[in-house]
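Here the structure is laid out as structure tokens; the discussion comes afterwards.
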Amino acid sequence: MNDAVRNLTMVRDRIADAAREAGRKPKDVALVAVSKTFGADEIRPVVEAGQRVFGENRVQEAQGKWPGLKDAYPDIELHLIGPLQSNKAREAVALFDVIETVDREKIAGALAAEIAKQGRRPRLYVQVNTGLEPQKAGIDPREAAAFVARCREVHGLEIEGLMCIPPVDENPGPHFGLLEKLAGEAGVEKLSMGMSGDYETAIAFGATSVRVGSAIFGSRAYPGA
Ligand SMILES: *Cc1c(COP(=O)(O)O)cnc(C)c1O
């Protein structure tokens, strides 16, 4: 069996165990397999093993590998988990089924315009910069609920959930707890949080989806990618 397929089975088992341990149902935690930097040939066996939800962080990179796979497997659900520039809104709306990185007014406006134009409606999450890191995308946590409301009221966008990436050098638990609290304030249901190193913790804090890359596909040649 292919390494990534073996890893996938292990990650799924650990997700199910973490969910049960938290008194939750395994089916209530979705696995987003993060395939950035890996090519279609490396992704295909994971699709063939039954995984259907994938994450990519760059629009252009995703355009190079996903259209063919999506044609072959129409039930694939592709998530954009990296920063979105407003000049890429057209391509993002055309390719992605879920965009997890709405984090400012300009992007909300650009997405609303493209959704109206294309008649395609990706599900949307607002990214929150829970650690207030200057180099990181995401809205200030203190503005998250008001921003979700503006997305709805000003731009007519339905926001499904919140997403965060805790600072690498901190205990992630408090960040996950904060995101859960903000989702309650903003009136959204879904929580995208937890990566290879901390997805079990995220599940304990209520993650409804975890984004797992290297624990499935192996380490990336460009770790910063
Ligand atoms: C790369 C990436 C992941 C996956 O990271 P791993 O540590 O490899 O699991 C998750 N979320 C985002 C936003 C990413 O860019």
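Coordinate-derived values only; no laboratory data. Everything numeric here is computed off the predicted structure, so don't read it as measured data. All Cβ positions, glycine included, derive from the backbone under ideal geometry; neighbour counts span all protein chains shown.
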Cα-based Rg then Dmax for region 21-81, in Å, read 12.7, 40
Computed on Cα atoms, the radius of gyration and Dmax of the chain in angstrom are 16.6, 50
The simple spin-label model distance between A221 and D97, using points 7 Å out along Cα→Cβ, in nm, is 2.8
For the chain, the count of lysine pairs 8 or more apart or interchain whose alpha-carbon atoms are under 23 Å apart comes to 21
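Between R121 and D3, what length in nm is gained on full extension when 0.36 nm per residue of separation is reduced by their alpha carbon distance? Before the final figure, lay out the partial values.
Details: separation 118, 0.36 × 118 = 42.48 nm, distance 3.48 nm.
Contour length minus the Cα-Cα distance gives 39.0 nm.
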Contact order relative to length for region 34-92, counting C-alpha pairs under 8 Å separated by 6 or more residues, stands in percent at 39
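Starting from the Cα-Cα distance between A49 and L132, subtract it from 0.36 nm times their residue separation and give me the gain in nm to one decimal.
On the way: separation 83, 0.36 × 83 = 29.88 nm, distance 3.83 nm.
Gain on stretching A49 to L132: 26.0 nm.
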Expressed as a whole-number percentage, the relative contact order of the chain with C-alpha contacts under 8 angstrom and at least six residues apart is 21
With T = 10 °C, eta = 1.306 mPa s and Kirkwood Rh from C-alpha pairs, the Stokes-Einstein D of region 64-132 in µm²/s is about 126
For K190, the residues 5 or more places away or on another chain with a placed amide H closer than 5 Å to its own amide H are G161, L162
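With an 8 Å cut-off on Cα pairs and a minimum separation of 6 or more residues, tell me the relative contact order of region 135-225 in percent. Walk me through the intermediate numbers first.
On the way: 106 pairs, mean separation 20.1, N = 91.
Answer for region 135-225 is 22 percent.
Based on the Cα coordinates of region 163-222, what is the per residue volume of their convex hull in Å³?
Numbers: hull volume 4.9 nm³, N = 60.
Convex hull volume per residue, Cα atoms: 82 Å³.
Within 10 Å of each candidate Cβ there may be at most 15 other Cβ atoms; applying that plus a DSSP loop requirement, which GluC sites (Glu not before Pro) in region 130-225 survive?
Values: sites: E143, E153, E158, E160, E170, E180, E185, E189, E200; in loops: E158, E170, E189.
Hits after loop and neighbour filter: E158, E170, E189.
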With the charge dipole of the chain built from beta-carbon charges (+1 for Lys and Arg, -1 for Asp and Glu) about the Cα centre, the Cα from F176, F205, G119 projecting farthest to the positive end belongs to G119
With +1 on the Cβ of every Lys and Arg and -1 on the Cβ of every Asp and Glu, the dipole magnitude of region 65-171 about its Cα centre, in debye rounded to the nearest 20, is 440
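Once you list every other residue whose beta carbon is under 12 Å from the beta carbon of E114, what net charge do they have if Lys and Arg are +1 and Asp and Glu are -1?
Numbers: positive: K88, R90, K117, R120, R121; negative: E91.
With Lys, Arg at +1 and Asp, Glu at -1, the neighbours total +4.
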Highest GNM mean-square fluctuation among Q135, Q85, Q60, for the chain with Cα springs under 10 Å, belongs to Q135
Plugging the Cβ-Cβ distance of D13 and D41 into 1/(1 + (r/R0)^6) at R0 = 35 Å yields, to the nearest 0.05, a FRET efficiency of 0.85
HN-Hα couplings for region 157-165 via Karplus (6.51, -1.76, 1.60; θ = phi - 60°), in whole Hz with x for Gly/Pro, come out as 9, 8, 9, 8, x, 10, 10, 9, 10
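Assuming R0 = 30 Å, what is the FRET efficiency of R20 and E189, from their Cβ-Cβ distance, to the nearest 0.05? Working shown, then result.
Numbers: r = 21 Å, r/R0 = 0.69.
So, using R0 = 30 Å, E works out to roughly 0.90.
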On the formula 1/(1 + (r/R0)^6), with r taken between the Cβ atoms of K106 and R142 and R0 of 22 Å, the FRET efficiency rounded to 0.05 is 0.65
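Which value, in debye to the nearest 20, gives the size of the charge dipole of region 118-225 about its Cα centre, when Lys and Arg are +1 and Asp and Glu are -1 at the Cβ? All intermediate terms of the calculation are to be shown ahead of the outcome.
Values: 11 positive and 13 negative charges, 95 e Å.
Result for region 118-225 is approximately 460 debye, rounded to the nearest 20.
How big is the charge dipole of the chain about its Cα centre, in debye rounded to the nearest 20, if each Lys and Arg gets +1 on its Cβ and each Asp and Glu gets -1 on its Cβ?
On the way: 29 positive and 32 negative charges, 86 e Å.
Here the size comes out at about 420 debye.
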Once the dipole of the chain is set up from charges on Cβ (+1 Lys and Arg, -1 Asp and Glu), the residue from the list W66, G55, S192 lying farthest towards its positive end is W66
What one gets for region 100-180 as the Kirkwood radius, inverse of mean 1/r over different Cα pairs in Å, is 13.1
When the chain is treated as a Gaussian network with springs between alpha carbons less than 10 Å apart, the largest mean-square fluctuation among L111, L178, L191 is found at L178
